[in-house]
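Inspection log for the structure reproduced underneath, given as structure tokens.
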Amino acid sequence: MESDGRELLRVEVIHAKPGVIWRRCVDLPPGGTALQAVQASGLIRHHPEWENQLPPLGIYGRVCEPHQRLQPGDRVEVYRPLVFDPMESRRRRQRHRQRKTAAEKAAG
């Protein structure tokens, strides 16, 4: 990428799914956005279904808008949909613990 004398903005784009981590470093002009970083990384070519509806994005674990301006060294994360509802998972674990405690008291 050629520069007009201004420093380029180097950021990392990452997308993880079970067993696969996709990571690319890209250089953007100053003022580059999270969406521009994802586009420059080529990730959308691997996921054409995202062309019209990009999944949620984040920077270091904090959800951000696609138009969020980036800082040098930022890590743009492309999030995948949740497979389960975290609240429901917590409820199930709590019910399991309660049953286990009740069974231990009954046996003890």
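No value in this document is a laboratory result; all are computed from the given coordinates. Remember, it's a predicted structure, so these values are computed and weren't measured experimentally. Cβ: placed from backbone, ideal geometry, glycine included. Neighbour counts: every protein chain shown.
Looking at the chain alone, DSSP beta bridges between its own residues are antiparallel in about 80 percent of cases. Take the Cα of F84, step 7 Å toward its Cβ, do the same at Y60, and the gap between the two points is 3.1 nm. Using the Cβ atoms and a cut-off under 15 Å, what net charge is assigned to the surroundings of R75, where Lys and Arg are +1 and Asp and Glu are -1? Net charge in that neighbourhood comes out at +1. Over the range 9-82, Cα pairs under 8 Å with separation of 6+ residues give a relative contact order of 41 percent.
Taking R0 as 30 Å, what's the FRET efficiency between E104 and E12 from their Cβ-Cβ distance, rounded to 0.05? Efficiency for this residue pair is about 0.05. Solvent-free Debye calculation, one equal scatterer per alpha-carbon of the range 45-90: log10 I(q)/I(0) at 0.23, 0.24, 0.26, 0.32 Å⁻¹ equals -0.93, -0.96, -1.02, -1.16. Net charge near L43: determine it from the other residues with C-beta under 13 Å of the C-beta of L43, scoring Lys and Arg +1 and Asp and Glu -1. Result for the local shell: +1. Hydrodynamic estimate: the Kirkwood radius of the chain over Cα pairs, inserted into Stokes-Einstein at 37 °C and 0.692 mPa s, corresponds to D of 199 µm²/s. Each label was represented as a point 7 Å from its Cα along the Cα-to-Cβ direction; for H96 and R75 these points are 2.8 nm apart.
In deg cm²/dmol, rounded to 500, what helix-only [θ] at 222 nm does the chain give when every DSSP H run of at least 4 residues adds -39500 (n - 2.57) and the total is split over its residues? Don't skip to the end; give the middle numbers.
Working: 3 runs with 34 residues, N = 108.
Per the formula, -9500 deg cm²/dmol.
Counting Lys and Arg as +1 and Asp and Glu as -1 over every other residue whose Cβ lies under 14 Å from the Cβ of A16, the net charge comes to +3.
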